[in-house]
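A.B. asks: Pasting in a structure now, in C-alpha cells, and then I'll have a few things to ask.
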Ligand SMILES: Cc1cc2nc3c(=O)[nH]c(=O)nc-3n(C[C@H](O)[C@H](O)[C@H](O)COP(=O)(O)O)c2cc1C
Ligand SMILES: [Mn+2]
C-alpha cells in the first residue's frame, strides 16, 4: 500500500496502479514531447534513470501506445512495488519466496479486451531500439511464460526478443535457463513450444520473472504480493497469463529454427555479440483497451538491480548461512553487475571466511569475486569495502583464485565457453589482529549545538 497526497492508499496490483503510485511519490518523469523509438527514447530513458526516476513517454513517434520505462530502476521504486521501505526489500524477498501463493484462474481478463489474431504485425507496438549499437528493436520487459512439457509447471523469465519480421521474433535463451530446457525437450520431440509474453504487468511479476525458483513461478509473485496473481487462459494455447497485463503475445518457439540475433547493450555495460538464437512466431496479440507498453533499456540500472542484485541475494544469503552462524549481511552490489558478492561476518573462525567464499561462489554461476569483511565494515559503502581491502588483506594468505570455472557468458573476462577464474578475498582481520586493531570511530556530534563561524 502506498500513501498518496489525498491520504488514500494505492494498492499496486498491475502496471497502471504502479504508475499511479510512482506519480504520487514523485518518482516518474512524464514526457509529452514526441520521442523517436529508434535511439532517442533509449537515451531519454537512460537520462531519467540516472536522475533517479522512471519515465513515461506519452507521444512515441509513429505510435498511439505510450511507453513506460525504468519502473523498477531504483531500490526506492522496488520498495514502492512491494509496499515496504527500501531497507526491507531483502527481508521481503526472502519472505516472499518462503510463502509461495498459487495464482487464481479467472474466467476473463482485461488483457483480452482487444484481440488481434489475423494479420499479426509487431510493428504496431512501439518496441524501441534502445542503445546506439543495438541490432534492432528488442522487447526487454516481456515476461516469457512457458510450461515444462513434462511437469506442466509455469516458468516466468526475461528473454530479450529481437523483432525480425511482422510476426517473427528472436527469443534469447542462455544456458541455465529453464525455458531453454523446456524448449529443448519440445524440440527433441519434434514439436514447437507454445509460450506467451506478458508486457506491462504487476511489478511483482517482473521480480518473479528475474528469480530462480524450482516451483511454479507465479507462486513467488503471489508470495511477494501477499495475494494470488489473477491469471486467465491464453486464447491459443494452454498457458496461463496475467489477467491484468497490458499486452500479451501468444505464439510458439519454433523447433529446428535459429536466427542470427544481437548485438544489444547488456547488463555488463558492454554490448553482447551476435549469435544464433531461437525464433518464435507470434499468432495472437491481446491487449487492454488503451494499453501501455513497458520497456527496460539495455545496460540499465533496472536490469542490474532487478536481475542481478535483489533477486539473487536471497540465494546468496541462504547458501552462506547454511555454512556459518556468524554471517552478518550479504550484498550483490548492482554497480558490480552482480558478479561480486560482499559478505560481512562477526568474528569468523580461522578458515571460515574462505569456506563461506566457496558457498557464495556456488550460490549462482554469475558470482565471480567474493569479498568477506568484518562486521565493522559497511558493506553497502564501496569506500568502506575498499578501505578493508586496502588495510586488512594479506594477499598471500587472504586471496584464493579458482581457475577455469563456469561464469556468465557476457562477462568480458569469460572465454568463448563462459569459462573464467573466480576469486575469494578474506578481508577480515582474523584472530590476533582483530584484538590488536580497532576501527577508529569518533562519537557523532550535532554541529548545530556549536557556535561556528
Ligand atoms: C531485464 C532482464 C533481461 C534479461 N534478458 C535475458 C535474456 O535475454 N536471455 C536470458 O537467457 N536471460 C535473460 N535475463 C535473465 C533471466 O531472465 C533470469 O535470470 C531468470 O531468472 C531466468 O529464469 P529461470 O531461472 O527461470 O530460467 C534477463 C533478466 C532481466 C532482469
Ligand atoms: Mn525458473
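Read-outs: derived from the displayed coordinates by stated rules, not from any lab. Since the model is a prediction, treat every value here as computed from it, not as a measurement. As a convention, Cβ positions derive from the backbone with ideal geometry for all residues, glycine included, and neighbour counts pool all protein chains shown.
A.B. asks: Cβ neighbours within 10 Å, averaged per peptide: list 365-371, 435-441, 121-127 in order, most packed at the top.
C.D. replies: 365-371, 121-127, 435-441
A.B. asks: Moving on to the next point. Can you give me the Cα centroid spacing of the range 168-227 and the range 393-453 in angstrom?
C.D. replies: 35 Å
A.B. asks: For 379, 65, what's the fewest-to-most ordering of other Cβ within 10 Å of each Cβ?
C.D. replies: Ranking 379, 65 by Cβ neighbours within 10 Å, fewest first, gives 65, 379.
A.B. asks: May I ask for the angle, rounded to the nearest 10°, between helix 15-24 and the longest principal axis of the chain, with both axes built from Cα atoms and the value confined to 0 to 90°?
C.D. replies: On a 0 to 90 degree scale, this one is about 50.
A.B. asks: From the P(r) of the chain, can you give the percent of Cα pairs sitting at distances over 28 Å?
C.D. replies: Cα-Cα pairs in the chain separated by more than 28 Å: 53 percent.
A.B. asks: Among bridges DSSP assigns within the chain, what percent are antiparallel (round to 5)?
C.D. replies: Of all bridge pairs located within the chain, approximately 70 percent are antiparallel.
A.B. asks: Right, next: What do you get when you divide the Cα radius of gyration of the range 234-301 by 2.2 N^0.38 Å, with N the number of residues?
C.D. replies: With N residues counted in the range 234-301, Rg over 2.2 N^0.38 Å equals 1.40.
A.B. asks: Ranked highest first by average number of other Cβ atoms within 10 Å, how do 91-98, 319-326 line up?
C.D. replies: 91-98, 319-326
A.B. asks: Now, a different point. For the range 208-333, just the Cα set please: Rg and Dmax, both in angstrom.
C.D. replies: Just the Cα atoms of the range 208-333 yield Rg and Dmax of 18.4, 54 Å.
A.B. asks: Please report how far the C-alpha centroid of the range 49-96 lies from that of the range 340-391, rounded to the nearest whole angstrom.
C.D. replies: When both Cα centres are located, 29 Å separates them.
A.B. asks: Still on this structure, please answer the following. Taking the chain as the reference, fit the longest principal axis to its C-alpha atoms, fit the long axis of helix 352-363 to the helix C-alpha atoms, and give the angle between the two in degrees, 0 to 90, nearest 10.
C.D. replies: Long axis of 352-363 versus the principal axis of the chain: about 10 degrees.
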